[in-house]
Amino acid sequence: MTDHTMAAGFAASFADYASEKGADRNALLAESGLTEDDLSDQDNRIPRAAYQTMIGVAIRQTGDTALLLRHTFDSRLETMSIVGQIVHTSSSLRHSFEQLNRYLHLMGDVELPQGVDRYELQGTADGLWIIDHLVLPPEMSFWSEVSFARFISEFRRSFPDATFEIAMEVTYPSPPHADQYPELFRVPVEFNAKRNALKIDPVWDSPETQFEPGNAYAFGIFTRHADEMLAKLQADTTIRARIEAQILPKLHEGTISMDKVASDLAMSRQTLYRRLKEEEITFAEIHDDLRRRMAMEYLSGQKVTVNETAYLLGFSEASSFVRAFKRWTGLSPTAYLNQAA
């Protein structure tokens, strides 16, 4: 599986916060496999799984399932990532969203369909919405939870006398700390919705609403530094990760041509083959493992049927998908679903 990474600044800030709330910092580091050196620079890259482990340990120690959410409301993005500095020196809401989507991977790796931004500002007859297009299994719903908490908390600090948030829709079920949502989010929340979306006051998308002027110089400094970091991050990305990004939105097509993927990556088939050999993996293995991981995500979410999952993964027949799933897990999809329930 591709090792997803993220900026160490988030883990460092959370470790500080959790320690203040009673968690054992040494245990947080030991169980997550991180060191103080890993957290010494906010731009260091750490395994995303290590951060998730740290969160679990801190929640277990404090007994507070809303700990990460509280940390989000009580912390500042600019202290954890340069993306926060860029957003705060943007000229308007839409401008800040352009930067957020542009530099998203500096905060953490995410998998999105090709050509789709994570965050979209969408004006409808019902109002102005922030749409989060990242689709996650239920066990990772906290990423959506803290995403909207981050927007709200940053605006509350910058514009304490203005209205920003109005309502929220989330695809995940009511969490154990849902009774604390009214205090933290202060807006009506619809759980098990069809999308992750935050309704905000439309005044923020008005041409007349501009952020503090005079930040162009600082904005330029921050974005130049971020561009350098992004270029290095992209250069360091494994060929496996680049292939997965290409084939993920095409999984439903079934047969995926290695020649076409090589062309999309602007390299010859021979170069792609050589790069794969260097990483000791084959194109077929990457395709098969991505199918396996997506099958687990689709079925774990329990929002699609076995037949629909087979189609989404490009299997021409459900029976072929069932055989593949048994090879991956030792269980049939139905048995896996019953076990999960």
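How many nm separate the modelled label positions at residue 27 and residue 209, each set 7 Å beyond the Cα in the direction of the Cβ?
The modelled label-to-label distance comes out at 4.4 nm.
Per residue, how much accessible area does the chain show when a 1.4 Å probe rolls over the protein heavy atoms, in square angstrom?
Accessible area per residue, the chain: 50 Å².
Sorting 171, 255, 72 by accessible area (1.4 Å probe), largest first, what list results?
255, 171, 72
Tell me the relative contact order for the range 245-337 as a rounded percent, counting alpha carbon contacts under 8 Å between residues six or more apart.
Reported relative contact order: 27 percent.
Can you check what the net charge comes to around residue 16, using other residues whose Cβ is under 12 Å from the Cβ of residue 16 (Lys, Arg +1; Asp, Glu -1)?
Here the charged neighbours net out to -1.
Run lengths n ≥ 4 of DSSP H only: what is the helix-derived mean residue ellipticity at 222 nm for the chain, with -39500 (n - 2.57) per run over all residues, to the nearest 500?
Theoretical 222 nm ellipticity from helices: -15500 deg cm²/dmol.
Post the alpha-carbon centroid distance, the range 249-297 to the range 75-114, in whole angstrom.
That distance is 29 Å.
To the nearest 10 Å², what's residue 120's accessible area with a 1.4 Å probe?
70 Å²
Using a 1.4 Å probe on the protein heavy atoms only, what accessible surface does residue 142 show? Give it in Å² to the nearest 10.
Result for residue 142: roughly 50 Å² accessible.
Once the Cα atoms of helix 8-20 and of the chain are each reduced to a long axis, what angle between those two axes, in degrees from 0 to 90 to the nearest 10, is obtained?
Between helix and principal axis, roughly 60 degrees.
Among 304, 62, 203, whose Cα sits farthest toward the positive end of the charge dipole of the chain (+1 at Cβ of Lys/Arg, -1 at Cβ of Asp/Glu, about the Cα centre)?
304
Loop by DSSP (not H, G, I, E, B), at most 16 other beta-carbon atoms within 10 Å: where is the longest site-free stretch of the chain for trypsin sites (Lys or Arg not before Pro)?
That would be 196-302.
If one takes the longest principal axis of the Cα atoms in the chain, at what angle in degrees, from 0 to 90 and to the nearest 10, does the Cα axis of helix 283-301 lie?
60 degrees
Which of rounded, prolate or oblate describes the range 118-242 when judged by the alpha-carbon gyration tensor and an a/c cut-off of 1.5?
It comes out oblate by the Cα gyration axes.
What percentages make up the Cα-Cα pair-distance distribution of the range 253-312 when the bins are 10 Å wide from 0?
Spelled out per bin, shortest first, that is 20, 40, 25, 14, 0.
Calculate the dipole size of the range 102-174 relative to its Cα centre from +1 charges on Lys and Arg beta carbons and -1 charges on Asp and Glu beta carbons; express the result in debye to the nearest 20.
That gives the range 102-174 a dipole magnitude of about 240 debye.
Students sometimes get this wrong: rank 204, 143 by accessible area, probe 1.4 Å, all chains present, largest first.
Result of the area sort, largest leading: 143, 204.
Going by a ≥ b ≥ c, the root eigenvalues of the Cα gyration tensor, does the range 24-80 fall in the rounded group (a/c under 1.5), the prolate group (a/b larger than b/c) or the oblate group?
Oblate, because a/c is 1.5 or more while a/b does not exceed b/c.
Enter the accessible area of residue 278 (Å², nearest 10), with the probe set to 1.4 Å and all protein chains included.
120 Å²
What is the diffusion coefficient of the chain in µm²/s, taking the Kirkwood radius over Cα pairs and the Stokes-Einstein relation at 20 °C with a viscosity of 1.002 mPa s?
It comes out at roughly 97 µm²/s.
Show 332, 316, 263 ordered by accessible area, largest first, where the area counts protein heavy atoms only and the probe is 1.4 Å.
So, going from the largest accessible area down, we get 316, 263, 332.
Please give, to one decimal in nm, the separation of the simple spin-label points placed at residue 265 and residue 225, each 7 Å out from Cα toward the Cβ.
3.3 nm
Can you tell me the Rg and Dmax of the range 13-170, counting just the alpha carbons, in angstroms?
Expressed in Å, the Cα Rg and Dmax of the range 13-170 come to 16.4, 51.
In percent, how large is the relative contact order of the chain, given Cα pairs closer than 8 Å and 6 or more residues apart?
So the answer I get is 14 percent.
The values are calculated or read from the model by the stated rules, or taken from the named source; none is laboratory data. Source: prediction; values computed, not measured. Here Cβ is always computed from backbone atoms with ideal geometry, including for glycine, and neighbour counts include all displayed protein chains. For the accessible areas, the whole protein counts, side chains as well, though only heavy atoms, and no ligand, DNA or RNA atoms are used. Shrake-Rupley method; radii C 1.70, N 1.55, O 1.52, S 1.80 Å.
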